[in-house]
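A.B. asks: Just dropping this structure here.
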Amino acid sequence: MPEEFMKEALKEAQKAMSKEEVPIGAVIVKDGKIIARGHNLRETKKDACAHAEIIAIQKACKKLDAWRLEDCEIYVTLEPCSMCAGAIMNARIKKLYIGAMEPKSGSVGSKLNLLGDYTFNHKVEVVTGICEEESVRLLKDFFQYLRKKDKEKK
């Protein structure tokens, strides 16, 4: 079942890629159903906070008319940064599923482990490596495309 929901997050990542955004996608699930989706829109919105996770959390809060997402799970194609890890924790999300780890800025085990190494009032269960190959491939394809595009400009 986690793979099914991560594949939906990958579809969101592909939407981001089609807008020339870094292909990161997220879905939030409650009671086995997707209640919110998001993909990276930082370039489109000119907003440093327009990460896939933040967008999905905002939509889920609106849908449930609550800021606590205690009975929800989030599926993200790339390991969250510190801002998004904090938002996941503060939204009281129960479980986080990660596609690929992010060695440069990941905050759920790569650079630091915000959700595991510190004591907060809420614990988020973390599962990694769900559809990892697909997540990595999408990111590599995107950055290869950007390098090629940049080279053609010169």
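A.B. asks: Over the heavy atoms of SER82, what accessible area does a 1.4 Å probe trace out, to the nearest 10 Å²?
C.D. replies: Accessible surface of SER82 is approximately 70 Å².
A.B. asks: Suppose we keep just the DSSP beta bridges with both residues in segment 55-130; what percent of those would be antiparallel, to 5? Please list the in-between numbers first.
C.D. replies: Numbers: 1 of 9 bridges.
If we restrict to bridges inside segment 55-130, about 10 percent are antiparallel.
A.B. asks: In a solvent-free Debye calculation with one equal scatterer on each Cα, what is log10 I(q)/I(0) for the chain at q = 0.12, 0.18, 0.21 Å⁻¹, listed in the order of the q values?
C.D. replies: So the normalised log intensities are -0.46, -1.01, -1.37.
A.B. asks: Ignoring everything but the protein chains, give the 1.4 Å probe accessible area of THR128 in square angstrom, nearest 10.
C.D. replies: Approximately 70 Å² for this residue.
A.B. asks: With all protein chains present, how much of the accessible area of the chain (probe radius 1.4 Å) comes from carbon and sulfur, to the nearest whole percent?
C.D. replies: In the chain, the share of accessible area belonging to carbon and sulfur is 50 percent.
A.B. asks: Hey, another quick one. Report, to the nearest 10°, how far helix 52-64 tilts away from the longest principal axis of the Cα atoms in the chain, using its own Cα long axis and a range of 0 to 90°.
C.D. replies: Taking the Cα atoms of the chain, the angle to 52-64 is about 40 degrees.
A.B. asks: Also, quick follow-up: Could you check what % of the DSSP bridge pairs in the chain are antiparallel, to the nearest 5? Let's see the in-between values first.
C.D. replies: On the way: 12 of 20 bridges.
Antiparallel bridges make up about 60 percent of those DSSP assigns within the chain.
A.B. asks: Follow-up question, since we're still on this one. What is the calculated FRET efficiency for PHE120 to ASP71, with r their C-beta to C-beta distance and R₀ = 25 Å, to the nearest 0.05?
C.D. replies: 0.85
A.B. asks: Which entries in the list LYS62/LYS94; LYS7/LYS94; LYS94/LYS140; LYS19/LYS59; LYS46/LYS104 go over 28 Å, if you measure between the two C-alpha atoms of each?
C.D. replies: Violating the 28 Å limit, Cα to Cα: LYS94/LYS140.
A.B. asks: Accessible area per residue, 1.4 Å probe, Å², for segment 47-154: what's the number?
C.D. replies: Value for segment 47-154: 58 Å² per residue.
A.B. asks: To the nearest 10 degrees, how steeply does helix 2-18 sit against the main Cα axis of the chain, on a 0 to 90 scale?
C.D. replies: Rounded to the nearest ten degrees, it is 40.
The values are calculated or read from the model by the stated rules, or taken from the named source; none is laboratory data. Computed from a prediction, not measured in an experiment: that's the story for all the values here. Every residue, glycine among them, receives a Cβ derived from its backbone with ideal geometry; neighbour counts consider all protein chains shown. Note: accessible area is taken over every heavy atom of the protein model, side chains too, but ligands, DNA and RNA are not part of it. Shrake-Rupley method; radii C 1.70, N 1.55, O 1.52, S 1.80 Å.
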